1. What length, rounded to one decimal in nm, is gained on full extension from R315 through to T25, with 0.36 nm per residue of separation minus their alpha-carbon distance?
2. Once both axes come from the Cα atoms, what is the angle between helix 77-90 and the longest principal axis of the chain, in degrees from 0 to 90, rounded to 10?
3. For semi-axes √(5λ) of the Cα gyration tensor in Å, which listed value, (1) 47, 27, 20; (2) 32, 26, 22; (3) 37, 22, 20, comes from the coordinates shown?
4. Please report the relative contact order for the range 132-240, taking Cα pairs under 8 Å with a sequence separation of at least 6, and give it as a percent rounded to a whole number.
5. Can you tell me the FRET efficiency between Q359 and D156 if r is taken as the Cβ-Cβ distance and R0 is 45 Å, rounded to the nearest 0.05?
6. For I135, I375, what ranking results if the residue with the fewest other Cβ atoms within 10 Å of its Cβ goes first?
7. Beta carbons within 10 angstrom, averaged per residue: use that to sort the peptides 77-87, 54-64, highest first.
8. Using the alpha-carbon centroid of each, what span in Å lies between the range 343-370 and the range 242-275?
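Bear in mind that the values in this text are calculations on the coordinates, not laboratory data. The structure presented is a predicted model; accordingly, all values stated were derived computationally and were not measured. With ideal geometry, Cβ positions are generated from the backbone for all residues, glycine too; neighbour counts draw on all protein chains shown.
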Amino acid sequence: MTDRDSILLGTTASQRPDEVRDLLTLTQELANKELAPHADDFEDRAEFPREILRTLGRAGLLGLPYPTRYGGGGLGYEAYLTVLEILAKRWLVVAQSVNIHVLSCYPLAAHGTDEQRERWLHGMLGGEQLGANCISEPEAGSDISAMSCAARADPDGRSYTVNGIKAWTSHAGQADYYNLFCRTGGTGVRGLSVLLAPDQTPGLHVQRPEKKMGARSSPTAAVVLDDARVQADHLIGRRGKGFLIATGLFDRGRLGIAACAVGLASAAVDYAVAYTKTRRQFGRPVIDFQGVGFMLADMSTQVAAARALVREAARTLDSGARDSAVTVAAARAKLFATDTAMRVTTDAVQALGAYGLVQDHPVERWMREAKLLQIIEGTNQIQRVVLARSL
């Protein structure tokens, strides 16, 4: 077992089933009390729920899949993804933010030195900080080999000067630190490295947030690096190993998005069922009409199938399977779960009829958010490319 594996695997050995149940109960209580009552209002105002994230952090939910010796929860991914599903069922943006932060801890946790972990990881997992990953660029999305953002080592060897533009950065303007994926030499995927940059890094400028069709309370913006100065000891992993770090990040990110999709779709099923039980037409509840009842049955089945696929992928990761097996399992889970969320939320709008089109009911927002999930963390077309190549 490598040092990286020892950091990220086997964390569930001391986690008893009753402890996991207590955690899931706590998560459900927080989701019902802190998330559900505020989602509509924050989405309407496009306001980031930073204080709610701090509440979840103090409850220990911002570092669940990392070792307890660094302040994490010591959970495997199966339990962690169940937590994400519960949160997403009440408010997708909050579940996404938890996932984004957990992903921002991965480069350091998996590839940092012992000294770097002792120096920074406790703070990242403590609950007060938020992180972000700067990977995509205006001309480099799914194809990160086209990345042009460059970091030049200064003559004294004490720092790097970084120049370039990072696009579609979640938590931009809210993050306390940014993982900058940048080119330190070489072409293609070779020569990519990762620098950990505090939010106050000179030359790091967050641009105006994008105006999105969904998840409006989560800021997404470009980050401009204009002679940004990052200390050399903030290099995470060896120079030129950024693509390896990104691969592990993508696998875990896709699993997180898949779990969020299951939570969102599950909320849509529950809402559509409750509505059609009370809405009456021609003297009986709408759910009693076969056309509606069969649609709801299909929705419920699709959500159950997506959940099973996500849990299976999580167990693959937790088992210590080879990286290629994890990549395939994560791609399948992300593809199926987010496509399911899109179908299910669309059908939920249909089940409500004209009422599904108005903001008095949340299903129209859920449908817009489901479309987002088909695109982020690698479009579903990219997932099909990954799967086709694996065959």
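1. Working: separation 290, 0.36 × 290 = 104.40 nm, distance 2.13 nm.
Contour length minus the Cα-Cα distance gives 102.3 nm.
2. Around 50 degrees separate the two axes.
3. The value matching this structure is (3).
4. Relative contact order, the range 132-240: 32 percent.
5. 0.20
6. On the way: I135 25, I375 15.
By the 10 Å Cβ count, ascending, the order reads I375, I135.
7. Details: 77-87: 26.0, 54-64: 20.1.
Those peptides, ordered most packed to least, come out 77-87, 54-64.
8. About 19 Å separates the Cα centre of the range 343-370 from the one of the range 242-275.
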